[in-house]
Amino acid sequence: MLDTRRLRYFMQVLESGSVRAAADALGMDPSALSRAIGTLERECGVRLFQRHGRGVAATDAGQLLASYARRQHSQQQHLLVQLEGIQKVERGHIDIITGEGFADWLMRHSLRDFMASHPGITIGLEISGTDEIVQRIVDERAQIGMLFQPPKDERLRSHYSHPQPIQTLVLASHPLAGLERPLKLADLLPYAGATLRRSFGIRQHIEAAEISEGVRLNTLLTTTSFHAIGHFVAAGLGYALSTRPALAMDREDMVALPMKNPILHQGRMHIVSKHGRMLSPAAAELLRRIVHDISAGTAPDF
């Protein structure tokens, strides 16, 4: 039987991408971690990692071991869920991963209320882009995800979705605000804009719209932060193509202008979990609360 401690070390190296980063995450000496991985490789009789750039990546054998470890973890979590289900929802831990704007909404509504009524349950709230949210849900490193337009993936289960059109956000004093009609992307060309990186679903929709209209926007700021592009607009530096809830900025001098391109109207926010994964009673209750609050229109942004 493989040593569970060394198996945990192996998964941390795989997730971190290097022995040094994994050692920092585990709070241990890198040389001790390297020796533990070497022992695990001798137990398995194969190389588990190979050098990749400045870090390491799993070999084919390492990928097989990672799949085994995830199955073991899933089975263990399933057992714990069944045992926890015998008791009331009074203790436990929930990991949530979400986009930046959704995190603000959660802390003003569903998550705030849930934590107030369940003080014995701890919460891990991570902020990331679409690709990383999907990966963490699929890898069972988070139970609940909230994101804009996830890719079609049979490993995901969407519990609720809501339309979220991409709009042009500007100050009310900006020239675009005076056009008083749905905007084409060509209308934005004379002005500087802010956008997200390509790992975000919003950016992927914008690029598809650019291709359909045959234009390339003048992007002055590219970032992973919704707050940063919100402040870019608030400072009068230009426009941002985004969804208003994602920016989570309640300013009377900022307006959201509709877009003409149908691609920018196809986006939806989704609440997801891994298909086939049994959530703990606590996570299931929080998910139901989030769905109820959004569908009931608790927050006007949605």
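A few comments on the model shown:
- Some residue of segment 255-266 being within 20 Å of LEU156 (Cα to Cα) and open to solvent by less than 30 Å² (accessible area, probe 1.4 Å): no
- Residue within segment 129-151 that is part of a strand (DSSP E or B), of a type outside the set (A, V, I, L, M, F, W, C) and crowded, with 20+ Cβ neighbours inside 10 Å present: yes
- For the criterion of being in contact with a helix residue (DSSP H, G or I) (Cβ under 9 Å, 6 or more places away or on another chain) and surrounded by 14 or more Cβ atoms within 10 Å (Cβ to Cβ), LEU48 passes.
- Residue check, THR98 under 25 Å from SER199 (Cα atoms), among the β-branched types (Val, Ile, Thr) and surrounded by 12 or more Cβ atoms within 10 Å (Cβ to Cβ): yes
- The condition of being within 20 Å of LEU217 (Cβ to Cβ) and modelled with pLDDT under 95 holds for only one of LEU106, LEU147, LEU185, LEU169, that being LEU169.
Conditions tested, residue by residue: (1) open to solvent by 30 Å² or more (accessible area, probe 1.4 Å); (2) among the hydroxyl-bearing types (Ser, Thr, Tyr).
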site	(1), (2)
ASP3	yes, no
ARG6	yes, no
SER16	yes, yes
ARG20	yes, no
ALA23	no, no
LEU26	yes, no
THR39	yes, yes
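- Meets criteria (touching a strand residue (DSSP E or B) at 6+ places or on another chain (Cβ under 9 Å) and either at pLDDT below 90 or more than 30 Å from PHE148 (Cβ to Cβ) (or both)) for LEU65: yes
- Identity of the residue in segment 51-70, closer than 13 Å to LEU7 by Cα, of a type in the set (A, V, I, L, M, F, W, C) and surrounded by 15 or more Cβ atoms within 10 Å (Cβ to Cβ), that ends up farthest from the chain's Cα centre (by Cα): LEU65
- With respect to the stated conditions, LEU217 is part of a loop (DSSP other than H, G, I, E, B), hydrophobic (A, V, I, L, M, F, W, C) and either loosely packed, with under 15 Cβ neighbours inside 10 Å or in contact (Cβ under 8 Å) with a residue 24 or more places away in the chain (or both).
- Pairs linking a residue in segment 34-55 that is more than 13 Å from VAL13 (Cβ to Cβ) and modelled with pLDDT of 90 or more to a residue that is open to solvent by 100 Å² or more (accessible area, probe 1.4 Å) and of a type in the set (Lys, Arg), with Cβ atoms under 6 Å and 6 or more positions apart or on different chains, do not occur.
The values are calculated or read from the model by the stated rules, or taken from the named source; none is laboratory data. Here the structure is a predicted model, which means the values were calculated and not measured. No Cβ is skipped: glycine too gets one built from the backbone with ideal geometry, and neighbour counts run over all protein chains shown. In case anyone asks, the SASA skips ligands and DNA or RNA and just uses the protein heavy atoms, side chains included. Shrake-Rupley method; radii C 1.70, N 1.55, O 1.52, S 1.80 Å.
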